[in-house]
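Student: Before anything else, here's the structure in question.
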Amino acid sequence: GEYGHRLQIEGRDEMAQMAEEFNQLTDRLQTTEEVRRRFVSDASHELKTPLASIRLLADSILQNDQIDRDTAREFVSDIGAEADRLTRITEHLLALTRLDSLPAGQTEPVDLSQVADRAVSMLLPVADAAGVTIEKDLKADCVVRSTGDDLYQICFNLIENAVKYNFPGGKVFVSVYRDTDQVLLEVGDTGVGIPEEDLPKIFNRFYRVDKARSRAAGGTGLGLSIARDTVRRHGGWITARPRHPEGTLFTVGFPQYTAQPDRDEEGEG
Ligand code: ADP
């Protein structure tokens, strides 16, 4: 392929070692290139689907002279929904590119409980409409070093999913607490659950367990991969596992922020 150049130097000396390192680097570039290509191809596919629907709906209206007003309105409303979908996809794609380039500096202490509370409040109307109850248990002093609205996005994505992939009468549990040197966020639900074999893949870009359900709920298949990238950028981790007797439990761990007056103001002493 593009990075096909390989060095072949036999022996155990420094040159041979450098050749080996060069070849390993080549392999990594090849993989990165493949991942990039795959991503562009998946993203294009995701964009093409709503565009094809819009084209089809527009043609249906244009090519039917006798179309009645109600049908026309319905089609136009569908076109609007597909446009909204394109907006969400592009927003998520942009979020992913920002994740790669955002400088690691510019952080501040943020109270995760307050942020989770804000996300719950924002999603209450959505939960109400779905007949889902949200229970929260948010402890004080759960401070994490973060940038801007990153933590809010993570909370929002997880809680929105817990509502989206739930049943009427179902529940969502949101808790934030400290555990030694970590701050933990748990989002559990009594929803549809995720099959064991899908669990390792749900953080992959565009991966969905149930395409139809995700699509109907306005999903892009990018929410969890954005959440995972953001969590990692904070030095944290995220896992998903089945919740018993039903549903899913997402757990996120962040390094706990503790004020270190001496080391905090680097270079000012
Ligand atoms: P989407 O936009 O499709 O919701 P996400 O990246 O947020 O994309 O999630 C990926 C997939 O993981 C979803 O399509 C869904 O199949 C599954 N999923 C995520 N959260 C939950 C949950 N709380 N319960 C069941 N399935 C979930």
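The values are calculated or read from the model by the stated rules, or taken from the named source; none is laboratory data. Owing to the predicted nature of the structure, the values given are computational and were not obtained by experimental measurement. For neighbour counting, all protein chains shown are included, and Cβ atoms are generated from backbone atoms with ideal geometry for every residue, glycine included. Note: areas computed on protein heavy atoms with side chains; ligands, DNA, RNA excluded. Shrake-Rupley method; radii C 1.70, N 1.55, O 1.52, S 1.80 Å.
Student: Express in % the proportion of alpha carbon pairs of the chain at distances exceeding 23 Å.
Tutor: Numbers: 23058 of 36046 pairs.
The calculated P(r) of the chain puts 64 percent of pairs beyond 23 Å.
Student: Moving on to the next point. For n ≥ 4 DSSP H runs only, could you compute -39500 (n - 2.57) per run for the chain, divide by its residues and tell me the 222 nm figure to the nearest 500? Present the calculation step by step, with values, prior to reporting the outcome.
Tutor: Working: 7 runs with 137 residues, N = 269.
After summing the helix terms and dividing by residue count, I get -17500 deg cm²/dmol.
Student: Another one. Tell me which residues come under 5 Å, amide H to amide H, from residue 183 once H is placed; ignore anything under 5 positions away on its chain.
Tutor: 254, 256
Student: Taking Cα centroids, how far is segment 203-223 from segment 135-201 in Å?
Tutor: Computed from Cα coordinates, the inter-centre distance equals 17 Å.
Student: A further question on this structure: Taking H placed 1.01 Å from N in the peptide plane, check which residues at least 5 places from residue 110 or on another chain put their amide H under 5 Å from its amide H.
Tutor: Amide H neighbours of residue 110, under 5 Å, 5+ apart: 144, 145, 146.
Student: Under 19 Å Cα-Cα from residue 211, which lysines qualify once same-chain neighbours fewer than 8 residues away are excluded?
Tutor: Result set, ordered by chain and number: 48, 164, 201.
Student: What's the carbon and sulfur percent of the chain's accessible surface, probe 1.4 angstrom, rounded to a whole number?
Tutor: Working: 8480 of 16470 Å².
Whole-percent figure for carbon plus sulfur exposure: 52.
Student: Further question: How much net charge surrounds residue 13 when only other residues with a Cβ under 14 Å from its Cβ are counted (Lys, Arg +1; Asp, Glu -1)? Walk me through the intermediate numbers first.
Tutor: Details: positive: 12; negative: 10, 14, 20, 21.
Around residue 13, the charge tally is -3.
Student: A follow-up question, please. Could you report the chain's accessible area per residue, 1.4 Å probe, as an integer in Å²? Don't skip to the end; give the middle numbers.
Tutor: Working: 16470 Å² over 269 residues.
Spelled out: the 1.4 Å probe surface of the chain, per residue, equals 61 Å².
Student: What figure in square angstrom, to the nearest 10, would you give for the accessible area of residue 32 with a 1.4 Å probe?
Tutor: 80
Student: Here's something else I'd like to know. Helix hunt in the chain: which complete DSSP H runs extend at least 30 Å axially by C-alpha with mean Kyte-Doolittle at least -0.5? Could the numbers behind the result be given before it?
Tutor: Numbers: long enough: 14-62 (71 Å, -0.41); 69-101 (48 Å, -0.39).
The qualifying helices are 14-62, 69-101.
Student: Along Cα→Cβ, 7 Å out, is where each label goes; now give me the distance between the ones at residue 178 and residue 61 in nm to one decimal.
Tutor: 5.7
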